[in-house]
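To start, the structure under review is shown below, and the notes come after it.
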């Protein structure tokens, strides 16, 4: 990666997964005159990663950009897979993608890229920053010059805001709440100003071969189902299933096989039943027949990260999102301890789940987030 860059260009390392979005991101950067280098992160010795690596290498060849493979298997196992198993063993429902973004993609990869005389790192996330909202400029030479000149000044900006993607159905800002200012000043999201349909059109325009390629699943290191993965690494720990009055209804094989709000797979006759709560100390699974019992207006969050400021003045009115596909709800954030916050929702929300992320929005801006505890 010691390639001599062309005069007045910005060097960008693109995290290429072999998928449509990151490939189009690389193509857009190349189109607009950036000095682009493709990098694939090998995270596990699985067939899906080998196939993705081949596809990413093929795309890089089509785009005529340098391509490298970084092996992060050891770090990924320690920081992500082991974390996922540990949190599940505690009875929580973790989101490994959020931690992977912080520790691996915008952690290890970004650090390595910056050591190699790189100006920016780019990914295929559907998200934007306040200095990068107009990437969908015309692909003429003037548009390219404007971008290159502007991005040369980005590192001097005092505050970078992380904002939602233009395509609200594909917006992935939820997964990026752990990022900080140091990282955001070096990160580009080239497809954040495009819809998924437009990205598919760009792939055809750039002659990238993606017909018939399956969309990637959320948890990349799991071959089949989460429960099958957990059964492989965690021993069963049988306990009672009870109703809200403490009446024993049956047995479970381990609290980590269940998540709040779950209906299928509980194995009780006379249902439907919903998982309401877990008593970790007593190893008891609490269920209910009334779905309305799942709706709550309050939660506690820990490990809170504020993206653009150290901490805003509290209490603060925001919109809170308690899971990726959840509709953001009006809420107020209160500080209750040095490290914990209370989020009071304006209306009850279904299945608030410990271990998942709650993120805070102010209009289009992602202010930060925390782990539901």
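Bear in mind that the values in this text are calculations on the coordinates, not laboratory data. This is a predicted model, so every value here is computed, not measured. Virtual Cβ from ideal backbone geometry, glycine too; neighbours counted across all protein chains shown.
For the stretch 11-205, what class follows from the C-alpha gyration tensor (a ≥ b ≥ c being the square roots of its eigenvalues): rounded when a/c is under 1.5, otherwise prolate if a/b is larger than b/c, else oblate?
Cα axes put the stretch 11-205 in the prolate bin.
Cut-off is 10 Å between beta-carbons; in what order do 177, 306 appear when sorted fewest neighbours first?
306, 177
Sort 359, 309, 333 by Cβ crowding within 10 Å, fewest neighbours at the top.
The order, fewest Cβ neighbours first, is 309, 333, 359.
Translational diffusion coefficient of the stretch 295-372 at 10 °C, 1.306 mPa s, Stokes-Einstein with Kirkwood Rh over Cα pairs, in µm²/s as a whole number. Don't jump to the answer; show the numbers that get you there.
Details: Rh = 12.2 Å.
Taking Rh from Cα pairs, D becomes 130 µm²/s.
Which FRET efficiency value, to the nearest 0.05, is calculated for residue 248 and residue 205 with the Förster distance at 45 angstrom and r the Cβ-Cβ distance?
0.15
Could you calculate the contour length gain from residue 281 to residue 324, that is, 0.36 nm times the residue separation minus the distance between their Cα atoms, to one decimal place in nm?
Working: separation 43, 0.36 × 43 = 15.48 nm, distance 2.89 nm.
Residue separation times 0.36 nm, minus the Cα-Cα distance, leaves 12.6 nm.
Relative contact order for the stretch 295-372: what percent, with Cα pairs under 8 Å and sequence separation of 6 or more?
Answer for the stretch 295-372 is 40 percent.
Divide by every residue of the chain the summed helix terms, -39500 (n - 2.57) for each DSSP H run of at least 4, and state the resulting mean residue ellipticity at 222 nm, rounded to the nearest 500 deg cm²/dmol.
Values: 10 runs with 84 residues, N = 373.
Calculated at 222 nm, the ellipticity per residue is -6000 deg cm²/dmol.
With a cut-off of 8 Å between alpha carbons and a minimum separation of six or more residues, what is the relative contact order of the stretch 11-205 in percent?
Relative contact order comes out at 27 percent.
Simple spin-label model, 7 Å along Cα-to-Cβ: residue 180 to residue 302 in nm?
Distance between label points: 2.0 nm.
Looking at the chain as a GNM with Cα springs under 10 Å, which of 28, 208, 46 has the largest mean-square fluctuation?
Among 28, 208, 46, the largest GNM mean-square fluctuation belongs to 46.
So what's the stretch 235-289 giving for Rg/Rh, alpha carbon basis, Kirkwood Rh from the mean inverse pair distance?
Ratio of gyration radius to Kirkwood radius for the stretch 235-289: 0.90.
7 Å from Cα along Cα→Cβ at both residue 363 and residue 82: what's the point-to-point distance in nm?
That separation, rounded to one decimal, is 4.4 nm.
Subtract the Cα-Cα distance of residue 232 and residue 111 from 0.36 nm times their separation in residues, and report this length gain in nm to one decimal.
Length gained between residue 232 and residue 111: 40.2 nm.
For the chain, set up a Gaussian network in which alpha carbons nearer than 10 Å are linked by springs, and say which option among 64, 185, 102 fluctuates the most.
64
How big is the convex hull of the Cα atoms of the stretch 2-78, per residue, in Å³?
Dividing the Cα hull volume of the stretch 2-78 by its residues yields 89 Å³.
Set the Förster radius R0 to 30 Å, insert the Cβ-Cβ distance between residue 291 and residue 68 as r into 1/(1 + (r/R0)^6), and round the FRET efficiency to 0.05.
0.05
Using only Cα atoms, find the angle between the long axis of helix 196-205 and the longest principal axis of the chain, and express it within 0 to 90 degrees, rounded to the nearest 10.
In the chain, helix 196-205 runs at an angle near 30 degrees to the longest axis.
In percent, how large is the relative contact order of the stretch 235-289, given Cα pairs closer than 8 Å and 6 or more residues apart?
Numbers: 100 pairs, mean separation 19.9, N = 55.
Result for the stretch 235-289 is 36 percent.
Only Cα pairs within less than 10 Å get springs; with that Gaussian network setup on the chain, which residue of 355, 261, 239 has the largest fluctuation?
Checking each option, the largest mean-square fluctuation is seen for 239.
Consider just the alpha-carbon atoms of the stretch 195-283 and return their Rg together with their Dmax, both in angstrom.
20.4, 62
Rounded to the nearest 10 degrees, what's the angle between the helix 141-151 long axis and the longest principal axis of the chain, both from Cα atoms, 0 to 90?
So the helix axis and the longest Cα principal axis differ by about 60 degrees.
For the chain, place one equal point scatterer on every Cα, skip the solvent, and apply the Debye formula. What is log10 of I(q)/I(0) at q = 0.07, 0.09, 0.11 Å⁻¹?
Debye output, listed in q order: -0.35, -0.57, -0.83.
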